[in-house]
2 protein chains.
Amino acid sequence: MLALDNQICFALYAANRAVTARYRPLLAGLGLTYPQYLAMLVLWELDDGGAGPRVSDLGQRLRLDSGTLTPLLKRLEERKLLLRTRRGDDERVVRIALTDAGRELKARAAGIPEQLLCGLDVEPAQLVALRQQLRGLLAALEQAEPSAQ
Amino acid sequence: MLALDNQICFALYAANRAVTARYRPLLAGLGLTYPQYLAMLVLWELDDGGAGPRVSDLGQRLRLDSGTLTPLLKRLEERKLLLRTRRGDDERVVRIALTDAGRELKARAAGIPEQLLCGLDVEPAQLVALRQQLRGLLAALEQAEPSAQ
DNA sequence: TGAATATCAATTGTGCACAATTTAATTGCT
DNA sequence: AGCAATTAAATTGTGCACAATTGATATTCA
């Protein structure tokens, strides 16, 4: 029962790290880490040329808190990919706005999903099914009562 | 194409962290972190009362290198759950042997897989299918040629 | 109005992951 | 035997995750 290969947790853990490892050389070409890439995906998706989402909006989407996001976003700001500005009418809130350089990076990232699959022996249909199951698991975990201690 | 919800990678990333988060309070009762728990699973599985596996054996099983394992195992040694000893006939090799306290912890961990699922609205059959697909993905990633840069 | 409360981001501290390098020991090859 | 090449673990440095706390601002309500 406690055997490693019986654990769904280990299969998830190992597969997640293997996927990340496969992204790494591709993202290195953009100068991004994997979590930075995920943050940029959200920023590209939400970008309307306006003031941009709040740190907590990114956090909600990515399931990350400010302890992770604040330093990550500061690094992206140093690379001039985005700007962090306190909102005037509520100084508690920080807005994350893409710079032009941040928007331009999107074009260079466009090929990454395809490159990732290239040379990988898995059916696209399998991946769609897997994604669906992972979403189901995530939803179940997020609405579950806290596990009994 | 670049939308966050289209990415298999994000589904994996988020689900993995959600599972880890659900383990955390259970493992806190044993004084273990999640990676420490995975290492203990391997040690319990391989334990034959002998000198124990090498650091690199654990690394191969868990897909972790010495940079991760060395400090992790030192923490478990400080807790008296295991012993790290250089092998006499080859001083390069470190053997990881469970202590009695390390073996006793297995009994306390026995209920964890079940507790994890308790209160979680997913079919066991779904989990088995998911694990199978994750294994397939991992196998494909591990035998794939390095992705084109 | 003014004090408690709530909210948001930042900070602090611990523990992974992982690349790159280092140290030490062993093996292989003349 | 002696020296290069190899192997195993440890070390160093960067960047997440996440719990807990802090600091600053806003809101609520007696």
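Count Lys and Arg as plus one, Asp and Glu as minus one, and take only other residues whose Cβ is under 13 Å from that of A:A28; the net charge is then +3. Distance between the modelled labels on A:D89 and A:A28, one decimal in nanometres: 4.7 nm (7 Å Cα→Cβ projection).
Amide H contacts of A:V93 (H built 1.01 Å from N, in plane; Pro and chain starts excluded): A:R87 sit under 5 Å, all sequence-distant by 5 or more or on other chains.
Annotation: amide H-H contacts under 5 Å for B:T33 (H modelled 1.01 Å from N, sequence separation of 5 or more, or interchain): none. Residues in the stretch A:32-76 near a label at A:A101, defined as backbone nitrogen under 13 Å from the 7 Å Cα→Cβ point? Within reach of a label on A:A101: A:32, A:75-76. Using a probe radius of 1.4 angstrom, the carbon and sulfur fraction of the accessible surface of the protein assembly as shown is 51%. Note: relative contact order over chain A, using C-alpha pairs below 8 Å and six or more positions apart, is 18 percent. Value of Rg to Rh for the stretch A:1-75, rounded to two decimals, is 1.09; Kirkwood radius and Rg both from alpha-carbon coordinates.
Name the shape class, rounded, prolate or oblate, that the alpha-carbon gyration tensor gives for the stretch A:51-103, where a ≥ b ≥ c are the square roots of its eigenvalues, rounded holds for a/c under 1.5, and otherwise prolate holds if a/b is larger than b/c and oblate otherwise. Here the stretch A:51-103 falls in the oblate category.
In straight-distance terms, cross-link reach from B:K80 covers every one of the lysines whose alpha-carbon lies under 20 Å from its own, apart from those fewer than eight places away in the same chain; here that gives B:K106. Over all Cα atoms in the stretch A:1-144, the spread is summed up by Rg and Dmax: 17.5, 56 Å.
The 3J(HN,Hα) values that the Karplus relation (6.51, -1.76, 1.60; θ = phi - 60°) gives for the stretch A:38-55 are, in residue order, 4, 5, 5, 4, 5, 5, 5, 5, 8, 5, 10, x, x, 6, x, x, 8, 4 Hz. Gly and Pro appear as x. When each of the peptides B:31-43, A:58-70 is scored by how many other beta carbons lie within 10 Å of its residues on average, the order from highest to lowest is B:31-43, A:58-70. Expressed as a fraction of 2.2 N^0.38 Å, the C-alpha radius of gyration for the stretch A:68-149 is 1.63. In the distance distribution for the protein assembly as shown, Cα-Cα pairs more than 29 Å apart total 45 percent.
The values are calculated or read from the model by the stated rules, or taken from the named source; none is laboratory data. These numbers were taken from a predicted model, which means no experiment stands behind them. A quick note on method: Cβ atoms are made from the backbone with ideal geometry, for glycine too, and the neighbour counts reach across all protein chains shown. Ligands, DNA and RNA are stripped out before the accessible areas are found, and what is left, the full protein with its side chains, is counted by its heavy atoms. Shrake-Rupley method; radii C 1.70, N 1.55, O 1.52, S 1.80 Å.
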